[in-house]
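Okay, structure first, notes after.
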Amino acid sequence: MKKYALCLSAVLLAGCSTAKLTPPPSDFIGTVPSNYEQDLIALNDVPASPFRGGNMTFQYDPTNALLTVVVQLQNARWSWNFDPRSLKKDLFPQACENYEAPLSEGMGLRYWYAGSGGFTTEVLTHQSCQTYIKLNK
């Protein structure tokens, strides 16, 4: 009986650690050409990768052309401890550069820091990226 309970708990815990989170709703509505659409949908199947004390995954929603980069803490007792405004200065210009082509075609991009103290950034668009790039020159 103990072996059965141990196996069952291992299966349940493994399932919980790999479950995808549902991103917060967004008012953003965009469209991208079909050649980008398939590549962006493929990001949904990319395995989680380690990122600054957490795991990073991608969730692309083709209904509104919004790519959400999900950064989730590895431990539920940890919390995010930085100023979200610092992202605009540090992360946004790099994100705009990395996703320049799909952003210029109509995609939206946001970051969701899931967990305690978490938040969702504003949606980056091609137009907002131009502003961030000018500010950081």
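The values are calculated or read from the model by the stated rules, or taken from the named source; none is laboratory data. Here the structure is a predicted model, which means the values were calculated and not measured. In this analysis, Cβ positions are derived from the backbone assuming ideal geometry, glycine residues included, and neighbour counts consider all displayed protein chains.
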### Message
Could you check segment 73-84 and list, in sequence order, the residues that are surrounded by fewer than 19 Cβ atoms within 10 Å (Cβ to Cβ) and either modelled with pLDDT of 90 or more or over 19 Å from Ser26 (Cα atoms) (or both)?
### Response
Gln74, Asn75, Ala76, Arg77, Trp78, Ser79, Trp80, Asn81, Phe82, Asp83
### Query
Which one is surrounded by the most Cβ atoms within 10 Å (Cβ to Cβ) among residues in segment 20-43 that are within 12 Å of the chain's Cα centre (by Cα), of a type outside the set (Val, Ile, Thr) and closer than 25 Å to Ser116 by Cβ?
Pro23
### Query
When you go through (1) surrounded by fewer than 12 Cβ atoms within 10 Å (Cβ to Cβ); (2) within 18 Å of Leu21 (Cα to Cα) one by one for Gly117, which number turns out not to apply?
(1)
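Hand me the list of helices (runs of 4 or more DSSP H) wholly inside segment 57-123 holding 3 or more residues that are of a type in the set (A, V, I, L, M, F, W, C) and within 20 Å of Leu43 (Cα to Cα).
Numbers: elements: 85-90, 92-98, 100-104.
The qualifying helices (runs of 4 or more DSSP H) are 92-98.
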### Message
Which of the numbered conditions does Phe92 fail, given that it passes all the others? Conditions: (1) in contact with a Cys (Cβ under 8 Å, 6 or more places away or on another chain); (2) surrounded by fewer than 17 Cβ atoms within 10 Å (Cβ to Cβ).
### Response
(2)
### Query
Would you pick out the residues in segment 95-113 that are surrounded by fewer than 19 Cβ atoms within 10 Å (Cβ to Cβ) and of a type in the set (A, V, I, L, M)?
Ala101
### Task
State all residues of segment 12-32 that are modelled with pLDDT of 90 or more and among the small types (Gly, Ala, Ser); if no residue qualifies, say none.
Ser26, Gly30
